[in-house]
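These notes are about the structure you will find just below.
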Amino acid sequence: MTERLYYTSDNTEGRANVLSCTPEPDGRYAVVLDSTLFHPQGGGQPADAGWIDNQPVETVQSRGDEVLHIVAKPLSVGAVNLRVDAALRQLHARLHSAGHLIGLAGTEYGWHPVKAHHWPNEGRITFAAGGNGTLPDAPSLLAKISAWQAENFPRQVTFADGLRHVGFGHLPAYPCGGTHVAHLSDIGPVTITQVKLKKGQMIVNYTLGS
């Protein structure tokens, strides 16, 4: 089992041990570490990028309890240096945290988030209707989000029943394995580009400002 250090740490540089390096069908190699700072693709969030020693990490995947770091050339078993692309990590964290706020804002209008896609330029939250769901407009959702950002609530990470939960301040937390900003002001400007109904679901598309 790979220890997922990013669950509790924002560090983007550290040390780990290569436990195995095996060929993939596409000619690349899958590296398993005893612990990792790299977030794998999943939970609506893209994979981190970066380097193991000087070897670029091309993508990161979860397979069972292991995190696989896909590289072009084999690595030897033993101690290595890890370096995550810090700018890309922060962008992904901002997008994921903004998605959580959109999910929370939607619940205040009677909707329940059921699917999320926190990718750059493709941000999207899909909601199922509750008993009394009304369709909000983008300014109404943004007003709630901006108010929470103005409070600058800090990130709260807890673990219960084998699940990691991420919330901000007193706001409700979601079960989540993704990376998030330390404080809501770190998200920066949020733009909701579209709110629409499709097959009884509300879909909110969003992007971030610089």
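Residue 6 versus (1) surrounded by 12 or more Cβ atoms within 10 Å (Cβ to Cβ); (2) in a strand (DSSP E or B): which is the lone unmet condition?
Unmet for residue 6, out of (1) surrounded by 12 or more Cβ atoms within 10 Å (Cβ to Cβ); (2) in a strand (DSSP E or B): (2).
Within the range 173-200, work out how many residues are part of a strand (DSSP E or B) and open to solvent by 70 Å² or more (accessible area, probe 1.4 Å).
Of the residues in the range 173-200, 7 are part of a strand (DSSP E or B) and open to solvent by 70 Å² or more (accessible area, probe 1.4 Å).
Residues of the range 201-210 being touching a residue at least 40 places away in the same chain (Cβ under 8 Å), open to solvent by 20 Å² or more (accessible area, probe 1.4 Å) and of a type outside the set (Val, Ile, Thr), which ones?
Those that are touching a residue at least 40 places away in the same chain (Cβ under 8 Å), open to solvent by 20 Å² or more (accessible area, probe 1.4 Å) and of a type outside the set (Val, Ile, Thr): 201, 205, 208.
In the range 92-136, which residues are on the phi > 0 side of the Ramachandran plot and either surrounded by 13 or more Cβ atoms within 10 Å (Cβ to Cβ) or in contact with a Lys or Arg (Cβ under 9 Å, 6 or more places away or on another chain) (or both)?
Result: 110, single match.
Would you say residue 45 is open to solvent by 40 Å² or more (accessible area, probe 1.4 Å), within 20 Å of residue 122 (Cα to Cα) and of a type outside the set (Ser, Thr, Tyr)?
No; evaluated as a whole, the condition is false for this residue.
When the range 15-42 is examined, which residues are found to be open to solvent by 30 Å² or more (accessible area, probe 1.4 Å) and either hydrophobic (A, V, I, L, M, F, W, C) or in a strand (DSSP E or B) (or both)?
15, 17, 19, 20, 21, 22, 23, 29, 42
Within the range 43-137, which strands (runs of 3 or more DSSP E) (wholly inside it) include 2 or more residues that are touching a residue at least 40 places away in the same chain (Cβ under 8 Å) and over 14 Å from the mean Cα position of the chain (by Cα)?
Once the strands (runs of 3 or more DSSP E) in the range 43-137 are filtered for at least 2 residues that are touching a residue at least 40 places away in the same chain (Cβ under 8 Å) and over 14 Å from the mean Cα position of the chain (by Cα), what remains is 66-71, 78-84, 111-117, 123-129.
The values are calculated or read from the model by the stated rules, or taken from the named source; none is laboratory data. Predicted model only: the values in this text are computed from it and were never measured. We place every Cβ from the backbone using ideal geometry, glycine too, and count neighbours over all the protein chains shown. Please note that ligands, DNA and RNA were not included when accessible areas were found on the heavy atoms of the full protein model with its side chains. Shrake-Rupley method; radii C 1.70, N 1.55, O 1.52, S 1.80 Å.
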